[in-house]
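The values are calculated or read from the model by the stated rules, or taken from the named source; none is laboratory data. Values in this document were obtained by computation on a predicted structure and should not be read as measured data. No Cβ is skipped: glycine too gets one built from the backbone with ideal geometry, and neighbour counts run over all protein chains shown. Note: areas computed on protein heavy atoms with side chains; ligands, DNA, RNA excluded. Shrake-Rupley method; radii C 1.70, N 1.55, O 1.52, S 1.80 Å.
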Amino acid sequence: QVQLVESGGGLVQPGGSLRLSCAASGSIFSTMGWYRQAPGKQRELVADISRGGITNYADFVKGRFTISRDFTKNTVTLQMNRLAFEDTAVYYCNVQVIATRYWGQGTQVTVSS
(Lines give C-alpha, C1' and ligand atoms only; values in the text may rest on other atoms or scores of the structure.)
Protein backbone atom coordinates (compact mmCIF):
# COMPACT_ATOMS: atom_id res chain seq x y z
CA GLN A 1 0.00 0.00 0.00
CA VAL A 2 1.43 3.32 -1.07
CA GLN A 3 1.60 5.96 1.63
CA LEU A 4 2.67 9.57 1.26
CA VAL A 5 3.40 11.87 4.17
CA GLU A 6 3.89 15.55 3.37
CA SER A 7 5.37 18.23 5.56
CA GLY A 8 6.69 21.75 5.40
CA GLY A 9 3.88 24.05 4.33
CA GLY A 10 3.02 27.26 6.11
CA LEU A 11 2.83 31.03 5.97
CA VAL A 12 5.69 33.06 4.55
CA GLN A 13 6.24 36.63 3.46
CA PRO A 14 6.91 37.50 -0.18
CA GLY A 15 10.53 36.82 -1.02
CA GLY A 16 10.80 34.17 1.66
CA SER A 17 11.52 30.45 1.47
CA LEU A 18 9.87 27.20 2.41
CA ARG A 19 10.83 23.58 2.02
CA LEU A 20 8.29 20.85 1.34
CA SER A 21 9.08 17.21 1.94
CA CYS A 22 7.23 14.05 1.02
CA ALA A 23 8.08 10.64 2.41
CA ALA A 24 6.81 7.77 0.31
CA SER A 25 6.53 4.10 1.19
CA GLY A 26 4.96 0.93 -0.09
CA SER A 27 6.40 0.55 -3.55
CA ILE A 28 9.15 1.38 -5.99
CA PHE A 29 8.49 4.77 -7.50
CA SER A 30 9.38 6.05 -10.91
CA THR A 31 8.60 9.76 -11.08
CA MET A 32 8.10 11.77 -7.89
CA GLY A 33 7.01 15.35 -7.83
CA TRP A 34 4.87 18.22 -6.64
CA TYR A 35 1.71 19.76 -8.00
CA ARG A 36 -0.27 22.71 -6.71
CA GLN A 37 -3.80 23.96 -6.82
CA ALA A 38 -4.81 27.52 -6.10
CA PRO A 39 -8.43 28.46 -5.30
CA GLY A 40 -10.53 28.42 -8.44
CA LYS A 41 -7.74 27.00 -10.56
CA GLN A 42 -6.81 23.60 -11.90
CA ARG A 43 -4.12 21.52 -10.34
CA GLU A 44 -0.82 22.08 -12.11
CA LEU A 45 2.62 20.56 -12.17
CA VAL A 46 5.27 22.42 -10.20
CA ALA A 47 8.21 20.08 -10.62
CA ASP A 48 9.04 16.41 -10.82
CA ILE A 49 12.07 14.18 -10.86
CA SER A 50 12.50 10.83 -12.51
CA ARG A 51 14.11 7.74 -11.09
CA GLY A 52 17.13 8.64 -13.20
CA GLY A 53 17.33 12.05 -11.56
CA ILE A 54 16.01 14.04 -14.51
CA THR A 55 14.16 17.11 -13.31
CA ASN A 56 11.26 18.92 -14.91
CA TYR A 57 10.04 22.35 -13.82
CA ALA A 58 7.07 24.49 -14.67
CA ASP A 59 8.16 27.75 -16.28
CA PHE A 60 6.75 29.79 -13.43
CA VAL A 61 9.16 28.27 -10.89
CA LYS A 62 12.35 27.95 -12.89
CA GLY A 63 15.23 29.56 -11.06
CA ARG A 64 13.26 29.79 -7.81
CA PHE A 65 12.35 26.23 -6.84
CA THR A 66 14.57 23.17 -6.67
CA ILE A 67 13.37 19.59 -6.50
CA SER A 68 15.53 16.81 -5.12
CA ARG A 69 15.13 13.17 -4.29
CA ASP A 70 16.67 10.87 -1.74
CA PHE A 71 16.52 7.37 -3.15
CA THR A 72 17.61 5.70 0.08
CA LYS A 73 14.85 7.35 2.10
CA ASN A 74 12.26 7.51 -0.69
CA THR A 75 11.70 11.21 -0.14
CA VAL A 76 11.19 14.09 -2.53
CA THR A 77 11.87 17.64 -1.43
CA LEU A 78 10.88 20.95 -2.96
CA GLN A 79 12.97 23.93 -1.91
CA MET A 80 11.01 27.08 -2.69
CA ASN A 81 12.84 30.40 -2.73
CA ARG A 82 11.72 33.91 -3.64
CA LEU A 83 8.11 33.02 -3.01
CA ALA A 84 5.48 35.32 -4.45
CA PHE A 85 1.80 35.94 -3.73
CA GLU A 86 0.84 33.84 -6.74
CA ASP A 87 2.60 30.82 -5.26
CA THR A 88 -0.16 30.56 -2.67
CA ALA A 89 -1.82 27.17 -3.14
CA VAL A 90 -2.24 23.71 -1.74
CA TYR A 91 0.80 21.70 -2.75
CA TYR A 92 0.41 17.99 -3.39
CA CYS A 93 3.05 15.32 -3.49
CA ASN A 94 2.61 12.95 -6.41
CA VAL A 95 4.36 9.66 -7.11
CA GLN A 96 4.07 7.25 -9.95
CA VAL A 97 4.17 3.46 -9.83
CA ILE A 98 4.27 2.18 -13.41
CA ALA A 99 1.07 3.77 -14.81
CA THR A 100 -0.63 4.61 -11.51
CA ARG A 101 -0.33 7.97 -9.76
CA TYR A 102 -0.76 8.49 -6.05
CA TRP A 103 -1.44 11.76 -4.28
CA GLY A 104 -0.60 13.12 -0.87
CA GLN A 105 -3.18 14.89 1.27
CA GLY A 106 -1.83 18.32 0.38
CA THR A 107 -0.08 21.00 2.37
CA GLN A 108 -1.04 24.66 2.36
CA VAL A 109 1.49 27.28 1.31
CA THR A 110 0.40 30.85 1.89
CA VAL A 111 2.46 33.82 0.78
CA SER A 112 1.26 36.95 2.49
CA SER A 113 2.61 40.15 3.94
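Data overview
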read-out: The lone exception for ARG36 - which of (1) touching a residue at least 12 places away in the same chain (Cβ under 8 Å); (2) surrounded by fewer than 18 Cβ atoms within 10 Å (Cβ to Cβ); (3) closer than 15 Å to LEU20 by Cα it fails; value: (2)
read-out: Flag if THR100 is surrounded by fewer than 21 Cβ atoms within 10 Å (Cβ to Cβ), more than 13 Å from the chain's Cα centre (by Cα) and without any contact (Cβ under 8 Å) to a residue 12 or more places away in the chain; value: yes
read-out: Candidate set: segment 67-86, residues that are of a type in the set (A, V, I, L, M, F, W, C) and in a strand (DSSP E or B); chosen: the one farthest from PHE29 (Cα to Cα); value: MET80
read-out: Residue, most open to solvent (accessible area, probe 1.4 Å), within segment 39-50, restricted to residues that are part of a strand (DSSP E or B) and farther than 15 Å from GLY104 by Cβ; value: GLU44
read-out: Residue count, segment 81-101 (criterion: farther than 11 Å from VAL12 by Cα and at pLDDT 95 or above); value: 8
read-out: Any chance LEU20 is assigned to a loop (DSSP other than H, G, I, E, B), of a type outside the set (Phe, Trp, Tyr), open to solvent by less than 40 Å² (accessible area, probe 1.4 Å) and in contact with a strand residue (DSSP E or B) (Cβ under 8 Å, 6 or more places away or on another chain); value: no
read-out: Residue satisfying all of: in segment 51-91; more than 25 Å from PRO39 (Cβ to Cβ), charged (D, E, K, R) and touching a residue at least 24 places away in the same chain (Cβ under 8 Å); surrounded by the fewest Cβ atoms within 10 Å (Cβ to Cβ) among these; value: LYS73
